[in-house]
Amino acid sequence: MKPYNYFLTIVIMMSILLNACSPVPSPSKPNLESYPVEDSTINAEGDEQEAGSQLAGNLAYITNPQATAEELHRISLASNQFALDLYQHLLDKEGNLIYSPFSIYQALLMTYTGAEGETAEQMKDVLGVQDDNQIHNLMNALNVTLMAEPGYTTKDMQPLIFNMTNALWAQKNFHFEQDFLDKLSANYAAGLNLVDYSQPEEARKLINLFVASQTNDKIKELIPQGMLNEMTRLVLTNTVYFKAAWQNRFDEAQTQKDDFTTLDGSVNQVDMMNQSLTTGAFIGDGFVAANLPYEGNTFAMAAILPEDFVAYQKSLNAEALDKILQNLGENRALVQLSMPKFSTMSSIDLASKLMNMGMGNAFNSEIADFSGMTGGKDLYISDVVHQAFIDVNEEGTEAAAATMVGMVATGMPAETITLRLDRPFIYVIYNVETNAIVFMGHVVNP
């Protein structure tokens, strides 16, 4: 039986450009010798310092952030609210969908660290930020919770891995505010690498190599040719690596060709996996839901099969999904499950989606205010591009995602449920302790 890999990664890239100014010339890293990277760091005054390309800011990363269960639930709800708001703006995308709202949310929070004025207020509203003084600490605490080892393991278990890295790729000799750097280093462990964007293609290759090294080569070309230029000032990357096996693995011998009915009514033959398991499941109003836990029982995939897929997905909101996840934790049933194997890659331009969600100022070169980053109103977001990948098979799930934000100057079962995922369905991968959604998507044609 081939080894199972579930891999989740999210990468957030922000390229920042200087307005009205002339151009200024964990897993192992790729070889940087052939690329324009400096083995030094920048302090608040923009002076180069010796060695330590993974140091950003004067504050060490806080490894034990304090947060109550209620506070963790609140930050998870805010992240999930963003996930569902964004989902409603992605319904016009044809075909299967996979994206990582959790990583996008975290990357935008890091961007929000440097926002001021009305730009900050708009981002605060879209992200559901309630407490400026606590939000980054809570995000750190949620990250630590998600990366915690499972409460139980066995010698036969495949170790569950959930790793996250953040990095800054800054134009050398360019000024960034110390408070901005300190918040990112203390709460996001964001190390700083100095690069020379006067060689944009070489810088692009360097960052793409790093992203690939953190995503098991699933995201190889996050930054397309021509995206960076001599005016680029900063790139932020966030990667998440997730690997786990199903708690109840499918028997490959039970996988067989079966019908899957697509949205237009056509029927395709797909590889359908089959098994019986006792798990969280229930029949709701117009849908059936079940969860498939991963080994260690800290993460699970929830599958939701609506009677009317199109109408249901348009009505799905964060409150309804949170209730589903809660019910899955409280209701158990014997599930006769049929589920297609599927593999999906999505590439999404998020800029217009985020503007429509209420972050218009951040994309406006005349009024954007990211002075918390540089001390002046000289930055605005130009592009936000997201890529994601998922592969589901008998052993488990492998997934990867990357987002680029480019900134330019200016119990026992009570019943038996049969769940045949043989028509379009929605799925989320979430942490069972906090209900934080790390991946979300739908399958309309495996």
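Return a yes/no flag: does the stretch 136-158 have any residue that is of a type outside the set (Val, Ile, Thr), outside any helix (DSSP H, G or I), closer than 17 Å to residue 353 by Cβ and out of contact with any His (no Cβ under 6 Å at 6 or more places or on another chain).
Scanning the stretch 136-158 turns up no residue that is of a type outside the set (Val, Ile, Thr), outside any helix (DSSP H, G or I), closer than 17 Å to residue 353 by Cβ and out of contact with any His (no Cβ under 6 Å at 6 or more places or on another chain).
Checking residue 385 against (1) modelled with pLDDT of 90 or more; (2) among the aliphatic types (A, V, I, L, M); (3) surrounded by fewer than 24 Cβ atoms within 10 Å (Cβ to Cβ), only one condition comes out false. Which one?
(1)
So if I check each of 352, 338, which one is hydroxyl-bearing (Ser, Thr, Tyr) and over 21 Å from the mean Cα position of the chain (by Cα)?
Exactly one of 352, 338 is hydroxyl-bearing (Ser, Thr, Tyr) and over 21 Å from the mean Cα position of the chain (by Cα), namely 338.
For the structure I just gave you, tell me whether residue 381 is among the β-branched types (Val, Ile, Thr), within 16 Å of residue 116 (Cβ to Cβ) and not in a loop (DSSP other than H, G, I, E, B).
yes
In the stretch 112-130, which residues are more than 15 Å from residue 76 (Cβ to Cβ), part of a loop (DSSP other than H, G, I, E, B) and of a type outside the set (A, V, I, L, M, F, W, C)?
113, 114, 116
Kindly evaluate residue 214 against the criterion of being surrounded by fewer than 17 Cβ atoms within 10 Å (Cβ to Cβ) and either on the phi > 0 side of the Ramachandran plot or not charged (D, E, K, R) (or both).
no
So, restricting to strands (runs of 3 or more DSSP E) that lie completely within the stretch 236-305, which ones have at least 3 residues that are more than 27 Å from residue 94 (Cα to Cα)?
267-284
Conditions tested, residue by residue: (1) under 20 Å from the mean Cα position of the chain (by Cα); (2) at positive phi; (3) not hydroxyl-bearing (Ser, Thr, Tyr).
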residue	(1), (2), (3)
112	yes, no, no
133	no, no, yes
137	yes, no, yes
158	no, no, yes
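Residue by residue through the stretch 73-111, note down the ones that are surrounded by fewer than 24 Cβ atoms within 10 Å (Cβ to Cβ) and not in a helix (DSSP H, G or I).
Residues satisfying the conditions are 89, 90, 91, 92, 93, 94, 95, 96, 97.
Considering 156, 132, 125, which residue is exposed (fewer than 14 other Cβ atoms within 10 Å of the Cβ) and within 24 Å of residue 58 (Cα to Cα)?
Answer to the check: 132.
Only one of (1) in contact with a helix residue (DSSP H, G or I) (Cβ under 9 Å, 6 or more places away or on another chain); (2) under 27 Å from residue 226 (Cβ atoms); (3) at pLDDT 80 or above fails for residue 145. Which number is that?
Just one mismatch for residue 145, condition (2).
All but one of (1) surrounded by fewer than 17 Cβ atoms within 10 Å (Cβ to Cβ); (2) out of contact with any strand residue (DSSP E or B) (no Cβ under 9 Å at 6 or more places or on another chain); (3) at pLDDT below 90 hold for residue 224; which doesn't?
The number of the failed condition is (2).
Can you list residue pairs whose Cβ atoms sit under 7 Å apart, with the first residue in the stretch 113-134 being outside the structural domain of residue 85 (by TED's automatic domain parsing) and polar (S, T, N, Q) and the second being loosely packed, with under 14 Cβ neighbours inside 10 Å and modelled with pLDDT under 95? Count only pairs 6 or more apart in sequence or on different chains.
Listed by first residue and then by second, the contacts come to nothing, as the list is empty.
For the subset of the stretch 361-377 comprising residues that are surrounded by fewer than 24 Cβ atoms within 10 Å (Cβ to Cβ) and touching a strand residue (DSSP E or B) at 6+ places or on another chain (Cβ under 6 Å), which member is farthest from residue 240 (Cα to Cα)?
365
The values are calculated or read from the model by the stated rules, or taken from the named source; none is laboratory data. Because the structure is a prediction, the values reported are computed rather than measured. No Cβ is skipped: glycine too gets one built from the backbone with ideal geometry, and neighbour counts run over all protein chains shown.
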